[in-house]
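Undergrad: Dropping the structure in here first, questions after.
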Amino acid sequence: MGISRRDFVRTTTAAGALVVSSGLPSRVFAAGQKTVKVGMNIPMTGDYAPWGLPGLYGCQIIADDINAAGGVNIGDDNYAIEIVSYDHAYDLEKAVQGYKKMVSEDDVKMVMMLGGSTVGAIAKWAERKKMLTTTLLCSDITPDTPNLIATCESHPLYNVTGVEWLAKHHPEVKTAAIVTNNDAEYGLQSTATYQAAFEVAGIEVVDVNLHGFDVTDFAPIVSSVLAKKPDVFCMATSFYVTPLMEQLYHQGFKGKIISCTLDYYDEIIAKTSKEFVEGTIFQFPDFDDPKLNESGINFPNPGDFDAKFRKSHPNDWSAVAWEYPAILLNWIEGAKQAGTVEPQAVSATLRSNKNPAFIFGGGKWWGKDLWGQDNVVVGRWPVVVVKDGKARIQEYGSVSGWLDKHAGVLTKYMKSHGLRTV
Amino acid sequence: MELFLLSIVNGLIQGGFFALFAVGLVLIFGVMGVVNFAHGELVMVGAFTIWLLHAQYGLSYIPAIMVAIVLVTVIGLLMERFLFRPTRADPLAGLICSIGVLFILQVVATLIGGDGPSKQVPPPYQGTLVLFEFLRIPYQRVFSLIISVSALGSLWFFLTRSKFGWALRAVAQDREAAALQGINTNRISIIAIGVGAALAGLAGGLVAPLTNINPHMGHNVIITAFIVTIVGGVGSLSGAVLAAVLYAMFHTFMTVYFGGTVATICGLILMVVVLIVKPTGLMGVRISE
Amino acid sequence: MNNTSTLTVQNVVIGVILLAALLAVPHFLKLYHQDLLIYLTINVLAVCSYRLVTLTGEWSLIHAVMMGVGAYTASLLFIHFGLDMWFTLPLAGGVAALVAALLCFPLLRMTQFYFLIGSFAAGEAIRLTWIEFVGVFGGTGGLTGVEPPIFWGIDFIDPIPYYYLSLAIVSFSLFILYRIENSRVGLTLHAIHWKAALAESVGVDAWRYRALAFIVGSFFVGVAGALKVHYLGSVSPNQASIGFMVFILIWVIVGGYNKFYGPIIGVVVLTVFDESIRSFEVMRPAIYGIVLILSILFLPLGLESIPGKIKSWFGVGPAPQDPPLTDQ
Amino acid sequence: MAILEIKNVTKQFGGLTALNDVSFQVEEGEIRGLIGPNGAGKSTMFKNIAGFSIPTKGTIVYQGENIEGKKPHAIAEMGIVRTFQETTLFQELSVFENALVGSHIKGRTDVFSAILGLDKQKQKAAADKVRDVLEFMGLSERQNQLASELPLGSQRALALAIALVSEPKVMLMDEPFAGMNAEETNHMMDLTRKVQESGITVVLVEHDMKAVMGLCHYLTVLNFGQVLAHGTPEDVRNNEKVIEAYLGGTK
């Protein structure tokens, strides 16, 4: 199973080589067809690879589908989509080098990135080259980054919906404890958001436990948190969910569990028990979820995508598997409306749309109050709960609705952690 | 009070694990004068072996651990023969060679397991030992504590009661004097790295079901091992065991009462303080003037 | 040490050709490789300053963190006070030197293995401080938005001007490092390395000289850090991790640390090599590891010793000796 | 007048007493021998005088000043310079550079002067001094060779040269004749005498009895860390206790 994937990685990364994946149909281009290149400057090796590589696989599936169907009509031209990838391994120097290469040498029309310090590092170049760039972490947006947008994942804002749902369906919970990795890009952002959401929901936060990336044993961390007897155990992290869940299980935690992600939850069930994981709340659905077929969802055939992905990459599904594709689809829509693939025009068209086609619907542009630019699309976001060993969407909460009422609380907690706000 | 008891148990379990790999590092350093930077990767290889054989191919846990130990020992012996022995005159060259090995082992693990998410091994011993309602220890951890204590016990027995153990300690204290007394230092080096690597393999096998397994996991292991080694005294095996347990307790209690990051910073500061106050560590012997 | 740097025709010709090549090379490269060239130039300063620290025979593991100290200093000065690179560069070096001076008291009580590990621990503690104090240092995300200067109408954000600028600064720094090494100070450092006790017996205060090497080395790597951050635009704790430190160590040792130019050869050859195997992607570290081991086993004096070896094969020069890297 | 006074010095390592209440005085301008069987504490005494080790008890007075507890480099600066057992040189440096290190006290410079070349005058003086001493030691022709390439006799001479360049008042020589053949020994004895004639007080630890008896003006005999006897070579040769100690120990 390792080998085919390895070959795939190698071919896609070879000197930013053209990715024409195994799917032969993509080679059958219509006469006179042009190619538009879209860049993915993401981590494909190292610790952050799980938040890069699955996205590349996902986008490849989408691009292959589009190309197999004859490409996409933008303006007067018909285009094939080509994904150009560069592995920056979450290294600042490499991220900037890869970005400049894509923009200056590969002639890409949009660059998708994971976010965090790597986006901070390229932000200057995005403005200089006026290149449309996307991130999954909307906290990357600053007053100086008009070309940086977050059109899909609005980490960490969506976390409010899970807390809202929890408070509504489990009014008995009074206290919560938050555990996360102590980093400014992911953990602290989520922590601030959860603190704000709990405050709004009337749940008292009795402990915030921050730990480094060097933890090998979560037993003491979990023990110390459980000693505060919280009703809710909240994981504002994606990195250490499995070992934390395992410890909660062994230390006999009986309360509610809420988490940003629950990637590979079947493995967690294998390490704990089905009963224990049951009822865990998080924010990222599987794509075979029936509720994704409802109207208002802006993602073509989620079930089909899910099947294709799990067939070609059975062990690699993570949240980014559909997030980068959603951004890609969003961009294609924008380019169609703009009638061109030129970054500035697409960017302007996307942002002039008061009701952008957000993946879960209900989208609107937001962000000025917190980060200085309305460059984040917020809208509905799914609250996912494990039911009978399977992740199922319970409802779509409204991120925008919450922000309209409580953005001030969020700002307060962001500031309390030393995080940047306008 | 409950939390206190629980933390002691957690600290002991963690301490046993720290001791397993720190003792190996000390043994190799003491006998060969080489800082084996790849020691964390030896633990990683042990853990990966469990993932591959046990979790992927369904081999039982205990045989998988055996294979892990043998495999890691073989890697250690190869390192001794082809890297450390030729560069013996020069400890720094040995260190750089071990960094080379570190790179190679990480890549091999990546090629086998892929770059994707961290690997998980379902615990072979399910269930939890409930001593009191507040004192619950997963059987997997009980197992790992028993095994690490008995491994360290056997090592102690070997070092104090056998001829080899005696020779090994003699070489660790003074290589030249030992050679003059007719001890075959090459053979002792082989035993040292063999035992050290085997313990690392065992540590990897024990930790596999308890943690995230990925090709880079050796990094945290080696940092902890350094701290333990320094605190315990570079040339002292009993110092390493004592320091492992003390440091694990220290880290556990700091984590419980002050948080994880603070615990790590304090651990590093503790190490620097020990270096300043007693550069030879808690049990270290003064190297002759 | 007592060098007789003769201004022969041969040397002048070689110098002119080298200079011309250094000035011409970016014009033959695309943007991606121009960037690489700039980082390479800066890394040359990092390895050469590291070599100064190692002249006394002590190998530290804090040099990468000192480069980070320089980068963070420059970033903070730029972001909060709008100071231009002309000011941040010396100040970054100064702060790195100051941090080094303070660290001398605990660290220089140790030697050899203890110093190696002690310096590593001190470096990690500094790095964790950057991570912990999010408000000041930006946590794991680090600091962004640092810019190069615009001067004489030249925007140094473009790679070629910045390359020339770094080339000038690095060359000047190397000249100073070279002067130090070939002065009495350098002789004393060498003397401490080979026989500290003998040097002390004729009045050398070994502690002071080890401190001097550590502080001056840290100053220049601080400058290198500032130079890097003004081009790259951001700095994060990750950049100062043990990973980068290991690379500095490798560059110096594989290049050959016995000669002034050894580390330069090391960083240049290995960077070019590393980039040339980029298409092997995941395999790359392993290839690197194998090359590392082979060079230690078969070229213990580093790449720098190859010409000498070739000469001795043909019976032209003396057979090179293989002294150990550290004292016994 | 005594240039160096050792007063009741005791040195203990762990449970071992290497020196036990040792006292003696060294007169200015003499060649003093410090002899005794192996393990008698001679080298330990040297280390304590030169500051490489600190006495557990007792004092060491040099020119009327207590120097105990001072660092080796500070003691060197005051004028006490030691040489080492076996051959201790900067093997990787040339003969000239080796001797130049010896001129540290007079020739040292700060890093800025070094960069800007402000210390030219000083360095020239140091180099001249080095050349004089090498000439004096008969090493002039070899000054560009690596120290490791020299024959044993010349290596010892170079070790002496390094010490001499620093212009000491007292020179502590640790077994300068060890491993030498008769010819080399004679040459070394001549050199030592020349050193003494130039006004430097010499204290030497030595096993070679022929050299000791021929060279020293006065001897101090140590045994098991205690002073066994003082006296001229003639006195010591006939001292019963000394004969017994030597017959009981090594020859």
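Undergrad: Please compute the modelled spin-label separation between residue B:108 and residue D:16, points set 7 Å along Cα→Cβ, answer in nm with one decimal.
TA: 4.5
Undergrad: Provide the gained length on full extension for the span residue A:34 to residue A:76, in nm with one decimal, where the gain is 0.36 nm per separating residue minus the Cα-Cα distance.
TA: 14.0 nm
Undergrad: For the range C:235-295, compute the orientation-averaged projected area of the C-alpha convex hull (one quarter of its surface), in nm².
TA: 4.8
Undergrad: So between residue A:388 and residue A:68, what do we pick up on full extension, going 0.36 nm a residue minus the alpha carbon distance?
TA: Full-extension gain reported as 111.4 nm.
Undergrad: Rounded to two decimals, what is the ratio between the C-alpha radius of gyration of chain D and 2.2 N^0.38 Å?
TA: 1.04
Undergrad: Normalized C-alpha radius of gyration of the protein assembly as shown, against 2.2 N^0.38 Å?
TA: 1.04
Undergrad: Run lengths n ≥ 4 of DSSP H only: what is the helix-derived mean residue ellipticity at 222 nm for chain C, with -39500 (n - 2.57) per run over all residues, to the nearest 500?
TA: Using -39500 (n - 2.57) per qualifying helix, the result is -23000 deg cm²/dmol.
Undergrad: Starting from a Cα-only point model with no solvent, please compute log10 I(q)/I(0) by Debye for the range A:78-224 at q = 0.14, 0.18, 0.21 1/Å.
TA: With no solvent term, the Cα-only Debye profile gives -0.80, -1.03, -1.22.
Undergrad: Is there a pair in A:168/A:387; A:228/A:387; C:259/D:129; A:168/A:390 whose C-alpha atoms are over 24 Å apart, and which pairs would that be?
TA: Pairs exceeding the cut-off: A:228/A:387; C:259/D:129.
Undergrad: Would you work out what percent of the accessible area of the range D:73-216, with all protein chains in place, is carbon or sulfur (probe 1.4 Å)?
TA: Carbon plus sulfur share of accessible area: 51 percent.
Undergrad: Using a Förster distance of 22 angstrom, determine the FRET efficiency expected from the C-beta separation of residue C:10 and residue C:311, and round it to 0.05.
TA: 0.85
Undergrad: Now for a different question. Report the dimensions of the range B:144-289 along its three principal axes from the alpha-carbon atoms, largest first, rounded to Å.
TA: 52, 38, 26
Undergrad: Please report the buried accessible area for the interface of B with C, total over both chains, probe 1.4 Å, in Å² to the nearest 100.
TA: Chains B and C together bury roughly 3400 Å² of accessible area.
Undergrad: At a cut-off of 10 Å², which residues of the range A:118-145 become less accessible once all protein chains are present than in their chain alone, using a 1.4 Å probe?
TA: A:120, A:121, A:124, A:125, A:128
Undergrad: Now for a separate question. Give me the percent of the accessible area of the range A:247-321 that comes from carbon and sulfur atoms, probe 1.4 Å, all protein chains in place.
TA: In the range A:247-321, the share of accessible area belonging to carbon and sulfur is 50 percent.
Undergrad: Would you mind counting up the charge near residue D:83? Only other residues with Cβ under 11 Å from its Cβ, with Lys and Arg at +1 and Asp and Glu at -1.
TA: That sum, taken over residues with Cβ under 11 Å, equals -1.
Undergrad: While we're looking at this one, here's another question. Testing the spin-label approximation: label points 7 Å from Cα along Cα→Cβ at residue C:182 and residue D:8. State their distance in nm.
TA: 5.8
Undergrad: Given the rule -39500 (n - 2.57) for each run of at least 4 DSSP H residues, summed and divided by the residues of chain D, what is its mean residue ellipticity at 222 nm, to the nearest 500 deg cm²/dmol?
TA: Counting only the DSSP helices, I get -12000 deg cm²/dmol.
Undergrad: Please work out how much accessible surface residue A:266 shows to a 1.4 Å probe, ignoring ligands, DNA and RNA, in Å² rounded to 10.
TA: Surface open to solvent at residue A:266 totals about 100 Å².
Undergrad: Sticking with this one: Per residue, how much accessible surface does the protein assembly as shown expose to a 1.4 Å probe? Answer in Å², no decimals.
TA: 37
Undergrad: Moving to a separate point now. Please report, in whole Å³, the volume per residue of the convex hull around the C-alpha atoms of the range C:8-240.
TA: Here the figure is 137 Å³ per residue.
Undergrad: Follow-up. Taking the Cβ-Cβ separation of residue C:294 and residue D:141 as r and a Förster radius of 45 Å, what is the calculated FRET efficiency to the nearest 0.05?
TA: 0.60
Undergrad: What percent of all Cα-Cα pairs in the range B:2-217 falls in each 5 Å bin, counting up from 0?
TA: 1, 7, 14, 18, 17, 15, 12, 8, 5, 2, 1, 0
Undergrad: Which residues of the range A:196-240 bury at least 30 Å² of accessible area once all protein chains are present, versus their chain alone (1.4 Å probe)?
TA: A:214, A:216, A:217, A:220, A:223, A:224
Undergrad: When the helices in chain B are scored as -39500 (n - 2.57) per DSSP H run of 4 or longer and the sum is shared across all residues, what 222 nm value do you end up with, to the nearest 500 deg cm²/dmol?
TA: Rounded to the nearest 500, the figure is -23500 deg cm²/dmol.
Undergrad: Measure nothing fancy, just the Cα-based angle from helix D:152-165's long axis to the longest principal axis of chain D, in degrees from 0 to 90, nearest 10.
TA: 80
Undergrad: Nearest 10 degrees is fine. How inclined is helix A:343-352 to the longest principal axis of chain A, computing both from alpha carbons?
TA: Its long axis makes an angle of about 50 degrees.
Undergrad: Mind putting a number on the dipole of chain D about its Cα centre? Charges go on the C-beta only, +1 for Lys and Arg and -1 for Asp and Glu, and I need it in Debye to the nearest 20.
TA: In total the dipole reaches around 540 debye.
Undergrad: Just tell me which lysines come within less than 23 Å, Cα to Cα, of residue D:70; anything on the same chain fewer than 8 places away is out.
TA: Leaving aside lysines fewer than 8 places away in the same chain, those within reach of residue D:70 are B:278, C:195, D:7, D:11, D:42, D:47, D:57, D:106, D:169.
Undergrad: Helix by helix, which DSSP H runs in chain C go 24 Å or more along their axis at the Cα atoms and have an average Kyte-Doolittle hydropathy of -1.0 or more?
TA: Long hydrophobic helices here: C:31-54, C:63-81, C:85-107, C:112-132, C:159-181, C:206-232.
Undergrad: Towards the positive end of the charge dipole of the protein assembly as shown, with charges on Cβ (+1 Lys, Arg; -1 Asp, Glu), say which of A:38, D:214, A:60 has the farthest Cα.
TA: Looking along the dipole axis, the top candidate is D:214.
Undergrad: In the range D:53-101, which residues give up 40 Å² or more of accessible area once the other protein chains are added, compared with their chain alone (1.4 Å probe)?
TA: D:73, D:84, D:88, D:90, D:92, D:93, D:97, D:101
Undergrad: Rounded if a/c is under 1.5, else prolate if a/b is larger than b/c, else oblate: which is the range D:126-251, with a ≥ b ≥ c the root eigenvalues of its Cα gyration tensor?
TA: prolate
Undergrad: Under a plain spin-label model, where a point goes 7 Å from the Cα along Cα-to-Cβ, how far apart in nm are residue C:277 and residue D:125?
TA: With each label placed 7 Å out from Cα toward Cβ, I get 5.6 nm.
Undergrad: On to the next question. Can you give the accessible area buried between chains C and D, summed over both chains, with a 1.4 Å probe, in Å² to the nearest 100?
TA: Buried: approximately 2700 Å² between D and C.
Undergrad: Could you state how much accessible area is buried at the A-C interface, both sides summed, with a 1.4 Å probe, in Å² to the nearest 100?
TA: Chains A and C together bury roughly 2700 Å² of accessible area.
The values are calculated or read from the model by the stated rules, or taken from the named source; none is laboratory data. Remember, it's a predicted structure, so these values are computed and weren't measured experimentally. Here the Cβ is made from the backbone with ideal geometry for all residues, glycine too, and neighbour counts use every protein chain on show. Side chains included, ligands, DNA and RNA excluded: accessible areas come from the protein's heavy atoms. Shrake-Rupley method; radii C 1.70, N 1.55, O 1.52, S 1.80 Å.
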